[in-house]
1. Considering Ser21, Ser48, which residue is within 19 Å of Lys234 (Cα to Cα) and surrounded by fewer than 16 Cβ atoms within 10 Å (Cβ to Cβ)?
2. Quick one: would you say Glu137 is assigned to a helix (DSSP H, G or I) and without any contact (Cβ under 8 Å) to a residue 60 or more places away in the chain?
3. Out of the stretch 24-45, which residues are buried (at least 21 other Cβ atoms within 10 Å of the Cβ) and not in a helix (DSSP H, G or I)?
4. Quick one: Thr85 ticks every box in (1) within 20 Å of Pro43 (Cα to Cα); (2) among the hydroxyl-bearing types (Ser, Thr, Tyr); (3) loosely packed, with under 13 Cβ neighbours inside 10 Å except a single one, so which number is it?
5. Here is a list: Ser135, Ser122, Ser180. Which entry is among the polar types (S, T, N, Q), modelled with pLDDT of 95 or more and surrounded by 18 or more Cβ atoms within 10 Å (Cβ to Cβ)?
6. Mind listing whichever residues of the stretch 58-84 are under 16 Å from the mean Cα position of the chain (by Cα) and without any contact (Cβ under 8 Å) to a residue 40 or more places away in the chain?
7. Restricted to the stretch 243-264, and to residues that are surrounded by 19 or more Cβ atoms within 10 Å (Cβ to Cβ) and among the hydrophobic types (A, V, I, L, M, F, W, C), which residue is modelled with the lowest pLDDT?
8. Could you list, in sequence order, all residues of the stretch 35-45 that are more than 11 Å from Val11 (Cβ to Cβ) and either without any contact (Cβ under 8 Å) to a residue 12 or more places away in the chain or under 17 Å from the mean Cα position of the chain (by Cα) (or both)?
Amino acid sequence: MKQHKTQRSKVFIAGPCVVESLDLCLAVAIEVKRACEANGFKPIFKASYDKANRTSLGSFRGLGMNKALDILSEVRLKVGVPIITDVHESSQVEAVQNIVDFLQVPAFLCRQTDLIEACATSGKPTLIKKGQFLSPEACEFIERKFYKSNGIDMMIAERGNSFGYNDLVVDVTSISRLKSACKNSLVIMDCTHSLQKPNGANGRTGGQAKHIVDMVKFGAIMNADGLFIETHPKPKDSPSDAENMLELSNLDSVLNLASQIYKL
């Protein structure tokens, strides 16, 4: 089944990088929902139940699958906001699909055929991050895999391309090219992961949070179908992606700016 791309409001996917606690997830989800409703966006709360692709073995991965999924289920029930989380192996899809509203495929795994097919056959709308190593045109084949497996409502996210070992760049033509390549999918601009500085010598991924608003402007100017932002009340305290997250208190003003640009 193909995506029906006509929509009344843009998608906004936001939340902390990883499930840290119920209290944190509730606080962020409530603000994401409120800010979206105030600025005309469709909210989706995002948090990973497991960070399987950390740089260092000693990095925080999460609270464990069962505990983290229980927290996401409670957030969904109490806040009344759709939930998205990522899966790393096809065997995880069955356990996750009944807890969340959307599935997500990480960028490093965007060509994993078995994983894409498992997400598609689950019947859940799925966000697939464009790999840092792929051209926009190559994403046409990801879309074909997904819809050929009877998937519904795919989204594809731009999150930058590898530039050397320690940086990412975003091609200003990428949103338009993704829309041409993936005609049956929504195109999302990931405004925070595109600012990562990966493969740090200290075993940590760095980032450039000061440019988040620039990426939001770019996504809105290029009329992306939605925006993706990782946000946290205290980004420096986040155990993952601390250096490229938006401070939660700034979320409303950033969404208001994006809304004004979209309206133009």
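1. Testing whether each residue is within 19 Å of Lys234 (Cα to Cα) and surrounded by fewer than 16 Cβ atoms within 10 Å (Cβ to Cβ) leaves just Ser21.
2. Against the criterion (assigned to a helix (DSSP H, G or I) and without any contact (Cβ under 8 Å) to a residue 60 or more places away in the chain), Glu137 does not qualify.
3. Phe41, Pro43, Ile44, Phe45
4. Condition (3) is where Thr85 drops out.
5. Unique residue meeting the criteria: Ser122.
6. Initially, the stretch 58-84 is screened for residues under 16 Å from the mean Cα position of the chain (by Cα), giving 72, 81-84.
Pro82, Ile83, listed by residue number.
7. Per the stated criteria, the residue is Met245.
8. Glu37, Phe45
The values are calculated or read from the model by the stated rules, or taken from the named source; none is laboratory data. Predicted model, so just to flag it, every value in this text is computed and none were measured. Because the Cβ atoms are built from the backbone with ideal geometry, glycine has one as well, and the counts that use them run over all protein chains shown.
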